[in-house]
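The values are calculated or read from the model by the stated rules, or taken from the named source; none is laboratory data. Since the model is a prediction, treat every value here as computed from it, not as a measurement. All Cβ positions, glycine included, derive from the backbone under ideal geometry; neighbour counts span all protein chains shown. Calculation scope for accessible area: heavy atoms of the full protein, side chains included, ligands and nucleic acids excluded. Shrake-Rupley method; radii C 1.70, N 1.55, O 1.52, S 1.80 Å.
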Amino acid sequence: MNVCRLVLLILLLSAACATRPPVPEPAPPPSAEELARVTELRDSAAVRAAFAHVDAQRDEILAEWRRLTEINAPSGHEGERAAAVEAILRQSSSVSVSRDDVGNLIATRKGTGSGPTIVIDTHLDTVFQPGLEIVSRIENGRLHAPGVGDSTRNIEAMLALLRALDAAGIRTAGDLWLTFTVEEETNFRGIDHLLETRGNEIDHFIALDGGWSGFTYGGIGTNWYRHHFIGPGGHTRSRTPPYSAALPAARAIARIYELKVPTSPPSNLNIGMLGGADVVNAKAANAWFSVDLRSTDNAVIVRLEREIQRILEEEARRAGVTLRTEVISTASAAQIAGHRSSQIVKTTEAVFRAMGFENPSITPTASNHSSAALRKGISAISTGVAPCSDAHARTENCEIEPIYRGTRRLILQALALAGLAD
């Protein structure tokens, strides 16, 4: 069998059993006291007025969501979208608006000083190439456009939250920061800079990204590698081994996919990219594949790394070729001991339940800006404000109706954490 076909067959047969979805952590019964506090806040005149403003502005929210979605914002090229968001923010007299040294947009809504500082963050950038013309469309109750969900839905919810607080005349005890950060899709440059320069001012951090019916409270560790088998190469008629490096690569892939990847703690392994020779009638002198290794437990990552390395070295020796490994990126698991019982998690769970989400999925498996905050020791969760599909694809789309409920939920969460001013 052709070696490339063999690799494909190995992947197809093995992928399903190697990459398993994370198992949600069972949610204990919510604190009766916290649920009662949040429910009372939900039913207060101030919060009802903020909710009513969201409902009254449904058409405006949808129209603005579409306008912002249609501003392409490739990672590293967020300027036009940032300018549009900044112009909207400056219409509010309740916030001071600034840009930092890397282009993050920060709107600070001061409280009375008697409560914690709450950051609500989402990213400005998308994964799509510069020059892409984006035209949104509505079909069957869904808004379709590249980037509509990741993360423009959350940008719009934050803007709608600000207007609702202003319209209801709400003042908080703690400060609220609305941060619109850059380069989340590529390197976390924006959030890393924000946390490095101002992380010590933050008490609780809400990352708005993916998700809808639940939230995360911990970050999954993610390590990316590219493993190369390097041999002499040669013509199709040359003998293998050692001439084709594709053979040891195929064998290694098959063995790596046989490794036991635990579901508890949540862990994943994926081989997503393959490369080799440039022409049909040449044997690969450099056959390579990528490995995406994830776990909420750093010890699991270390164990799997060692087992993968052993397999790679054995197959290189067996074929008489050289092994070379590139480390593309590493990010350790972001877990804070006892965080499942922290104030932000208890409050967020109570908010979900008070807003009609009876059994929210609560997991320690974020891979977004909340992970960056958690690695700094900052109490953080992540969620999203509407259900969406096909993230990172041109077919991306979101249900429209839930964004209004999601925005109301975000308002309640912000106020439950920051507190209403006396």
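Before moving on, here are some points about what is shown:
- Scan region 144-162 for residues that are of a type in the set (K, R) and open to solvent by less than 10 Å² (accessible area, probe 1.4 Å) and the total you get is 0.
- For region 325-336, the candidate set comprises residues that are at pLDDT 95 or above and part of a strand (DSSP E or B); within that set, the residue that is farthest from R239 (Cα to Cα) is A334.
- Those residues of region 95-121 which are within 14 Å of L194 (Cα to Cα) and among the polar types (S, T, N, Q), in sequence order: S98, N104, T108
- Breaking point among (1) assigned to a strand (DSSP E or B); (2) farther than 23 Å from S98 by Cβ, for L178: (2)
- Residue within region 401-418 that is open to solvent by 20 Å² or more (accessible area, probe 1.4 Å), hydrophobic (A, V, I, L, M, F, W, C) and more than 25 Å from R171 (Cβ to Cβ) present: no
- Cβ-Cβ contacts under 9 Å between residues 6 or more apart (or on different chains), taken from a first residue in region 57-84 that is part of a helix (DSSP H, G or I) to a second residue that is acidic (D, E) and surrounded by 19 or more Cβ atoms within 10 Å (Cβ to Cβ), are listed as I61/E156; L62/E156; E64/E156; W65/E156; L68/E156; T69/E156; R81/D125.
- Positions within region 325-343 being open to solvent by 10 Å² or more (accessible area, probe 1.4 Å), of a type in the set (G, A, S) and closer than 17 Å to R294 by Cα, in sequence order: S329, A331, S332, A333
- The set of residues in region 85-105 being surrounded by 15 or more Cβ atoms within 10 Å (Cβ to Cβ), of a type in the set (D, E) and part of a loop (DSSP other than H, G, I, E, B) consists of D100 alone.
- Which numbered condition S379 fails, given (1) farther than 15 Å from D209 by Cα; (2) within 15 Å of the chain's Cα centre (by Cα): (2)
- Subset of region 305-324 (residues that are assigned to a strand (DSSP E or B) and open to solvent by 60 Å² or more (accessible area, probe 1.4 Å)): T322, R324
- Qualifying residue in region 353-368 (condition: in contact with a Phe, Trp or Tyr (Cβ under 7 Å, 6 or more places away or on another chain), farther than 25 Å from A418 by Cβ, open to solvent by less than 40 Å² (accessible area, probe 1.4 Å) and in a strand (DSSP E or B)): no
- Selected residue [surrounded by fewer than 24 Cβ atoms within 10 Å (Cβ to Cβ), touching a Ser or Thr at 6+ places or on another chain (Cβ under 8 Å) and more than 24 Å from L269 (Cα to Cα)] from K376, K346: K346
- Restricting T172, T126 to those that are of a type in the set (S, T, Y), in contact with a helix residue (DSSP H, G or I) (Cβ under 8 Å, 6 or more places away or on another chain), surrounded by 24 or more Cβ atoms within 10 Å (Cβ to Cβ) and closer than 26 Å to R405 by Cβ reduces the list to T126.
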